[in-house]
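The values are calculated or read from the model by the stated rules, or taken from the named source; none is laboratory data. None of these values were measured; they are calculated from a predicted model. Glycine also receives a Cβ, built like all others from the backbone with ideal geometry; neighbour counts cover every protein chain displayed. Calculation scope for accessible area: heavy atoms of the full protein, side chains included, ligands and nucleic acids excluded. Shrake-Rupley method; radii C 1.70, N 1.55, O 1.52, S 1.80 Å.
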Amino acid sequence: MLYTIAPSPLGDLLIAGPRPGTLASVTVPGQRGGARVGPDWRRDDAAFAAAVRQFEAYFAGEPKEFDVALAPAGTPFRQRVWQALDLVGYGSTVTYGELATLAGLSPRAVRAVGGAVGANPLSVIRPCHRVIGANGSLTGYAGGLDRKRHLLALEGALLAA
């Protein structure tokens, strides 16, 4: 696995993937269930330079989608939910029930959908921070609710961080 470290307002991002330009994970410091550098990992800053530039633009407030190859490991169910996350646009939010519907699932599958969202290995890129509780509350973010607030405020989905 190749990796790089990129500074961000959320802390140093650990960006990793199986080959140059292809991301399998993006982890913030202390992220619950996040990736950790393994003994066979090799740091290669050039391999993810384009992704780092896109993160810099995103954190500078440029509302754009990420354009990087993705290779996250996950069950077919999780992949389905993660692909539905890709449909949630910059500056918008959805509830877990709405995300279930976007994934072609019953809105009653919210617990299973919440589990898949919580296991998202591509923090920020796959926008799990845009998923909120049915009552509008900011619930469950593996990187911490302060980071979720920061990201939603950056995107204009919250009034203040």
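Treating only the Cβ of Lys, Arg, Asp and Glu as charged (+1, +1, -1, -1), what charge dipole size does the range 75-161 show about its Cα centre? Round to the nearest 20 debye. List each step's numbers first, then the result.
Numbers: 9 positive and 4 negative charges, 43 e Å.
That gives a dipole near 200 debye.
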For this session: Using the Karplus curve 6.51 cos²θ - 1.76 cosθ + 1.60 with θ = phi - 60°, work out ³J(HN,Hα) for each residue of the range 67-74 in order, rounded to whole Hz, and write x for Gly and Pro.
Result: 10, 9, 6, 10, 9, x, 8, x
For this session: Enumerate the amide H contacts of residue 141 below 5 Å, restricted to partners 5 or more residues apart or on another chain; note that Pro and chain-start residues carry no placed amide H.
Result: none
For this session: Name the shape class, rounded, prolate or oblate, that the alpha-carbon gyration tensor gives for the range 27-93, where a ≥ b ≥ c are the square roots of its eigenvalues, rounded holds for a/c under 1.5, and otherwise prolate holds if a/b is larger than b/c and oblate otherwise.
Result: oblate
Exercise. In terms of modelled amide H atoms, which long-range or inter-chain residues lie less than 5 Å from the amide H of residue 123?
Worked result: 26
Exercise. If you count the DSSP beta bridges with both ends in the chain, what percent of them are antiparallel, to the nearest 5?
Worked result: 55 percent
Problem set entry | Segments 3-10, 67-74 sorted - mean Cβ within 10 Å per residue, highest first | 3-10, 67-74
Exercise. Candidates (i) 18.3, 58; (ii) 14.1, 42; (iii) 15.0, 44; which is the computed Rg and Dmax of the Cα atoms in Å?
Worked result: (iii)
Seminar exercise, completed: Probe 1.4 Å, heavy atoms of protein chains only: per residue, the accessible area of the chain in Å² is 48 Å²
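Taking all protein chains as present, what is the carbon and sulfur share of the accessible area of the chain, in % to the nearest whole number, probe 1.4 Å?
Values: 4170 of 7690 Å².
Answer for the chain: carbon and sulfur cover 54 percent of the accessible area.
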